[in-house]
Structures are given as structure tokens and as C-alpha cells.
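Below: one structure, written as C-alpha cells.
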Amino acid sequence: IAGLAYDAFVVQRVNKKRSGNYKMTVLTALMKYKPHKVKLILDGKEAFNEVMFSAAIGHGRFNGKAMMQLPDAMPDDGIFDLTVYKQPTKMQVIKNTNKLYDGSFVKLPFIQQFTAAKVRIESEADVYVETDGEELGHTPIDIEMMTRSLKIISGIKNRVV
């Protein structure tokens, strides 16, 4: 899962400190973060062009310590799932953090979900992207699904999936 905007802002702050209380870093980042307008172009069509607090993009359901940021994602369906956090208040973020662990946060009014095989992310200000705690850079960024590019040997005798 790649994190955009606030998620990447937290990663930058954590990586800069290299030590300290992670939860405190997340909280102080929340108080200092300023959302930006972001355009999502999904499979060649503009799907979102608003101020965005954060987003998750991937093909697996979980990241972090068992957070279910993409509850409908399937690793073998050939598409990315995207969860966009539009403009929650800081109190809404704090109050609903626990809902990340069971996926129920997607029912909140400031959440939008999308799917696409090709994702282009644009913004006027630099909006940063991270994956698994590693900083990837900033917008503009293109992400494309590569289907059937990894062979996996299953436990079934000589079967390659």
C-alpha cells in the first residue's frame, strides 16, 4: 500500500527523528499538516479534484500494524483500490482511528473509494508519497498495475500460479 499526503508527511517526520514515540509523532504531525488540492486521474479519466487529507493506494488490504486501509482490495484482481480521506477535521481523525483496524472507516462521510489499473496523481503543491515507511517522492506520480508479472509457486505439486 502506498500512502499519499498525510501518511507520507508522518513518514517524513518519523524518518527525520529516527527515535521517539511514534504515536506522539503521529499526533504532532496531525496538528501541523495542511491538506492540498489533489487530482486523481484513474484509467485516463479525472475521478477526484479536491482538497485531500490523505489516501491509500494498493492491492492488499492491510498496512502498518494491521490497519485495513483498503478493506475491499484483492491482490489478484488486476486493479488497485484507493481510499481517499477528503477533509476530515482533526477531531474526526482522532475519534475514528480505531475504525482503521476493522475497515469500518470507509462508511464515514469524508471517505471515498475508487478502483483503477492506472493511477495518475497531480497537484499544484508537492504532495508526497510513501510505501512501507519509505519516501518515494512527490506528485506528479504515475502508478500502473502489472498483471501476471510475478510467478508464485503454490503448495500444490508443481503448480505455478
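Summary of computed values
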quantity	calculated
In Å², nearest 10: area of ARG120 left accessible to a 1.4 Å probe	70 Å²
For the range 51-94, accessible area per residue (1.4 Å probe, heavy atoms of protein chains only), Å²	48 Å²
Within-10-Å neighbourhood charge of THR25 [Cβ basis; K, R +1; D, E -1]	+4
Net length gained if the chain between ARG148 and ASP76 were fully extended (0.36 nm per residue, minus Cα distance)	25.1 nm
PHE62 accessible area, 1.4 Å probe, all protein chains in place, Å² to nearest 10	110 Å²
Debye, to nearest 20: dipole size of the chain, +1 on Lys, Arg Cβ, -1 on Asp, Glu Cβ	620 debye
For the range 1-63 and the range 97-136, distance of Cα centres in Å	7 Å
Of all accessible heavy-atom area on the chain, the percent that carbon and sulfur account for (1.4 Å)	54 percent
For the chain: relative contact order, % (alpha-carbon pairs under 8 angstrom, 6 or more apart)	25 percent
Point-charge dipole on Cβ atoms (K/R +1, D/E -1) for the range 1-85, about Cα centre, debye to 20	820 debye
LYS34 paired with HIS138, simple spin-label distance in nm, labels 7 Å along Cα-to-beta-carbon	1.2 nm
Theoretical ellipticity at 222 nm over the chain - DSSP helices of four or more residues, -39500 (n - 2.57) apiece, nearest 500	-5500 deg cm²/dmol
Simple label model, 7 Å out from Cα along Cβ direction - ALA66 to ALA47, nm	2.9 nm
Long-range Cα-Cα pairs in the chain (distance over 19 Å), rounded percent	56 percent
Among PRO35, ASN49, ALA125 - extreme Cα towards positive end, dipole of the range 1-152, charges at beta-carbon	PRO35
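The values are calculated or read from the model by the stated rules, or taken from the named source; none is laboratory data. Remember, predicted model here, so these are calculated numbers, not experimental data. Every residue, glycine as well, gets a Cβ built from its backbone with ideal geometry; the counts of neighbours run over all protein chains shown. All accessible areas refer to the heavy atoms of the entire protein, side chains included, with ligands and DNA or RNA removed. Shrake-Rupley method; radii C 1.70, N 1.55, O 1.52, S 1.80 Å.
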